[in-house]
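J.: This is the structure I want to talk about, given as structure tokens.
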2 protein chains.
Amino acid sequence: MARSGEVVSNKQVLARDYIDSNPKITDMYLSTAITKLELPECSKSILVKNLYLSCDPYMRGVKNPEPGRITFFAPNSPLVGYGVAKVLASGHPEFKEGDLVWGITTWEEYSLITNAENLFKINDTDVPLSYYTGILGMPGMTAYVGFYDICSPKKGEYVFISSAFGAVGQLVGQFAKLLGCYVVGSAGSQEKVELLKSKFGFDEAFNYKEEDCEAALKRYFPEGIDIYFENVGGKMLDAVLVNMRLKGRIAVCGMISQYDLEEHQGIRNLMHLIYNRVRMEGFSVFDHFHQYPTFLETVLPYIREGKINYVEHITHGLESGPESLVGLFSGVNVGKSVVLLSQY
Amino acid sequence: MARSGEVVSNKQVLARDYIDSNPKITDMYLSTAITKLELPECSKSILVKNLYLSCDPYMRGVKNPEPGRITFFAPNSPLVGYGVAKVLASGHPEFKEGDLVWGITTWEEYSLITNAENLFKINDTDVPLSYYTGILGMPGMTAYVGFYDICSPKKGEYVFISSAFGAVGQLVGQFAKLLGCYVVGSAGSQEKVELLKSKFGFDEAFNYKEEDCEAALKRYFPEGIDIYFENVGGKMLDAVLVNMRLKGRIAVCGMISQYDLEEHQGIRNLMHLIYNRVRMEGFSVFDHFHQYPTFLETVLPYIREGKINYVEHITHGLESGPESLVGLFSGVNVGKSVVLLSQY
């Protein structure tokens, strides 16, 4: 294994330019840098070897970036994203050589992380390390706070999840089943629909590409929807709104169907918020990371006891990164998209 | 005054047919019935003389009425709406001759009310009785629960109210000012804009017909909106969404700009619910009438001490009812629309 001080070749996935849409294969290129593994003097940076890189739906360009938002694509720079890494050298008092961490890193074999204070140390290694890009990382926390905090769920309630096979959706569905809810999910292929039912225990699932969503929702929710976990937006949201139940709740986590549109589709059924006194609430996991220890206490036992299943779409080698990222947006990846760089 | 047992002429405003839009003058006609003022035997009905009738924005037809919803317009029947009335005879143990009540009644001089249990008895008569169609009735309760319960307001917050000169809006604004908020309202005429500032103490107000709403909101809320009290929907809502502040709240009370459209305008900026973790919640005053005593304890002193102003658009005689109702929807009425039938 590479050591601090060594000069190494460092494969990278770089962006050609800023982007303002979903990423395409041609927006990225591979290159190899020669990197000396050393910390800047008097810095609190850490030097890491990346083990897993995560492909997530927010890794895209935005038309009008707001100040302070992370830029995932910048010209001739390695992509920025979540990952799991091993510390090679640390100038930060909270980390030492050999520590495993997860958090924001860069798409290359070795990264210098200047804001190490935003990283999480991994203490539990009896579960696959890749899980810290998903079920035990940001998507897991998103599912946890989105469902438990924003949806205020109760046993027996009727729950619908769009993009249910995504990293977040599959967990929300299983949290809801563990609580004793009736759970239906939508996904974009028959394979995913079958897996939602067979692997994740969803009561029902349907393919939104093949069914009229409003009719499907009427059929699966004859008494209406108490909780909608919103990942897609657009027509699906309009179809859900007319099927919401009295005092229903909508957790707005994402609207992946809209991100690449020049103008977002108009939502016409918001009057149903009044008819049924529905609460619709946007949230961001970044407001909730103080709950991470509680989250781990809840979810780690579920994993160890086999009460939660989890499907990953793991591709091998940094070279596979661009295709995996693009496949996330096109919907061809089945399960949480992760790129494996190194297992140690 | 007419007494129980008497045969009286009973002027009425009747609907020609069901309607599925905002009411027009030609949807209504006047007629005079001959009515014997008597209670059906063994009934819990009450017989009332109507004193004030209220024109409210929900008094319109709906394209697809849902079971259980009140029909305000039915063929050759008196319109249904809120009003203030005096009890002439009562078969209900909670009411007796001479009581003043407010609640759902019919647009005629004398009404037989079969579900008297839904009426509220008026005990405080040192304020104008017409107030029980507005500031002390349903619109007042709507403003009260919408603002205090749904918006969770805090002193110093930035509050925007659309249709701010309406019966509900003018109260929300004054509640917000009493709490120490910064308050801006939109209205549809320069007269209303001026009155919002001079009469109700709004910090700012603008005419949505003459200004680009998004630009006006940017100007009046350079730091964004904490609370939006939504009465109009459509483009105003889209303009507000991009101006919401972190952790903002939107109480969805009504969308009067949309009711008469064949298809509601699409709302395109809901992603801002996520960007700023905004909560948007529909509500109905009908869920909150148990709070009516607390409401009175709060608002009656405000009125008596002159801390709240209130503007009514009172027209005289049942004959003036249709024009007043239509004027509510066209926006020509200035203040809460009330029809005075009799002062005693």
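J.: What number goes with the only condition from (1) modelled with pLDDT of 95 or more; (2) surrounded by fewer than 16 Cβ atoms within 10 Å (Cβ to Cβ) that B:E211 does not pass?
T.: Condition not satisfied by B:E211: (1).
J.: Shifting gears a bit: Got a number for residues in the range A:310-331 being more than 16 Å from the chain's Cα centre (by Cα) and modelled with pLDDT under 95?
T.: 0
J.: Just give me the residues in the range A:115-137 being under 17 Å from A:V311 (Cβ atoms) and part of a helix (DSSP H, G or I), in sequence order.
T.: A:L129, A:S130, A:Y131, A:Y132, A:T133, listed by residue number.
J.: Now, a different point. Considering only residues of the range A:181-199 that are among the polar types (S, T, N, Q) and not in a strand (DSSP E or B), which is farthest from A:A215 (Cα to Cα)?
T.: Across the range A:181-199, the extreme among qualifying residues is A:S198.
J.: Right, here's the next one. Would you tally the residues in the range A:76-98 being of a type in the set (S, T, N, Q) and under 17 Å from the mean Cα position of the chain (by Cα)?
T.: The qualifying residues number 0.
J.: Any residue at all in the range A:146-165 that is more than 17 Å from the chain's Cα centre (by Cα), assigned to a strand (DSSP E or B) and free of Cβ contacts under 8 Å to residues at least 60 places away in the same chain?
T.: Within the range A:146-165, not a single residue is more than 17 Å from the chain's Cα centre (by Cα), assigned to a strand (DSSP E or B) and free of Cβ contacts under 8 Å to residues at least 60 places away in the same chain.
J.: Only one of (1) under 19 Å from the mean Cα position of the chain (by Cα); (2) within 16 Å of B:R268 (Cα to Cα) is not met by A:F286, so which one is it?
T.: (2)
J.: Please enumerate the residues belonging to the range B:121-142 that are among the hydrophobic types (A, V, I, L, M, F, W, C), buried (at least 19 other Cβ atoms within 10 Å of the Cβ) and touching a residue at least 40 places away in the same chain (Cβ under 8 Å).
T.: B:L129, B:I135, B:L136, B:M138, B:M141
J.: I need the full set of residues from the range A:1-29 which are under 24 Å from the mean Cα position of the chain (by Cα), surrounded by fewer than 19 Cβ atoms within 10 Å (Cβ to Cβ) and over 25 Å from A:Q258 (Cβ atoms), in order please.
T.: A:Y29
J.: If you go through the range A:54-84, how many residues are part of a loop (DSSP other than H, G, I, E, B) and either modelled with pLDDT of 90 or more or surrounded by 12 or more Cβ atoms within 10 Å (Cβ to Cβ) (or both)?
T.: Selection size over the range A:54-84: 16.
J.: With the range B:260-344 as the region, which helices (runs of 4 or more DSSP H) entirely inside it contain at least 2 residues that are surrounded by 17 or more Cβ atoms within 10 Å (Cβ to Cβ) and more than 14 Å from chain A (Cβ to nearest Cβ)?
T.: B:292-304, B:321-330
J.: Does A:V101 satisfy the condition of being within 21 Å of the chain's Cα centre (by Cα), closer than 19 Å to A:F295 by Cα and surrounded by 15 or more Cβ atoms within 10 Å (Cβ to Cβ)?
T.: So A:V101 fits the description; yes.
Matching residues to (1) in the same structural domain as B:K154 (by TED's automatic domain parsing); (2) of a type in the set (A, V, I, L, M, F, W, C); (3) on the phi > 0 side of the Ramachandran plot:
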residue: B:L241; (1), (2), (3): yes, yes, no
residue: B:R245; (1), (2), (3): yes, no, no
residue: B:V252; (1), (2), (3): yes, yes, no
residue: B:T294; (1), (2), (3): no, no, no
residue: B:R304; (1), (2), (3): no, no, no
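J.: Now for a different question. For the range B:281-306, enumerate the residues that are free of Cβ contacts under 8 Å to residues at least 40 places away in the same chain and closer than 15 Å to B:C151 by Cα.
T.: Result: B:G282, B:S284.
J.: I want to confirm something. Restricting to the range A:218-259 and keeping residues that are among the polar types (S, T, N, Q) and more than 9 Å from chain B (Cβ to nearest Cβ), which single residue is surrounded by the fewest Cβ atoms within 10 Å (Cβ to Cβ)?
T.: Going through the qualifying residues, I end up with A:S257.
J.: Among the residues of the range B:31-90, write down those that are away from chain A (no Cβ under 14 Å) and of a type in the set (D, E, K, R).
T.: Within the range B:31-90, B:K36, B:E38, B:E41, B:K44, B:K49, B:D56, B:K86 qualify.
J.: Same structure, new question: Across the range B:166-180, what is the total count of residues that are part of a loop (DSSP other than H, G, I, E, B) and buried (at least 24 other Cβ atoms within 10 Å of the Cβ)?
T.: 1
J.: Give me a count of the residues in the range B:201-241 that are assigned to a loop (DSSP other than H, G, I, E, B) and closer than 29 Å to A:R279 by Cβ.
T.: Number satisfying all stated conditions: 10.
J.: Right, next: Given the conditions (1) assigned by TED's automatic domain parsing to the domain that holds B:G81; (2) within 30 Å of A:Q258 (Cβ to Cβ), report the number of the one that B:G317 does not fulfil.
T.: (2)
J.: Sticking with this one: Of the conditions (1) buried (at least 19 other Cβ atoms within 10 Å of the Cβ); (2) within 27 Å of A:F295 (Cα to Cα), A:S198 clears all except one; give me its number.
T.: The number of the failed condition is (1).
J.: Out of all the residues in the range A:329-344, is one or more in contact with an Asp or Glu (Cβ under 6 Å, 6 or more places away or on another chain), more than 20 Å from A:G188 (Cβ to Cβ) and of a type in the set (V, I, T)?
T.: For the range A:329-344, residues in contact with an Asp or Glu (Cβ under 6 Å, 6 or more places away or on another chain), more than 20 Å from A:G188 (Cβ to Cβ) and of a type in the set (V, I, T): absent.
J.: So B:L39 ticks every box in (1) surrounded by 18 or more Cβ atoms within 10 Å (Cβ to Cβ); (2) modelled with pLDDT under 95; (3) in contact with a helix residue (DSSP H, G or I) (Cβ under 9 Å, 6 or more places away or on another chain) but one. Which box is left unticked?
T.: (3)
J.: Determine which member of the set A:F95, A:F72 is under 22 Å from A:L318 (Cβ atoms) and either aromatic (F, W, Y) or free of Cβ contacts under 8 Å to residues at least 12 places away in the same chain (or both).
T.: Checking each option against the conditions leaves just A:F72.
J.: Can you tell me which residue in the range B:221-242 is nearest to the chain's Cα centre (by Cα), limited to those that are without any contact (Cβ under 8 Å) to a residue 60 or more places away in the chain and within 18 Å of B:S163 (Cα to Cα)?
T.: B:G233
J.: Output the residues belonging to the range B:98-151 that are within 18 Å of B:F286 (Cβ to Cβ), modelled with pLDDT of 95 or more and of a type in the set (D, E).
T.: B:D149
The values are calculated or read from the model by the stated rules, or taken from the named source; none is laboratory data. Since we're looking at a predicted model, the values are computed, not measured. Because the Cβ atoms are built from the backbone with ideal geometry, glycine has one as well, and the counts that use them run over all protein chains shown.
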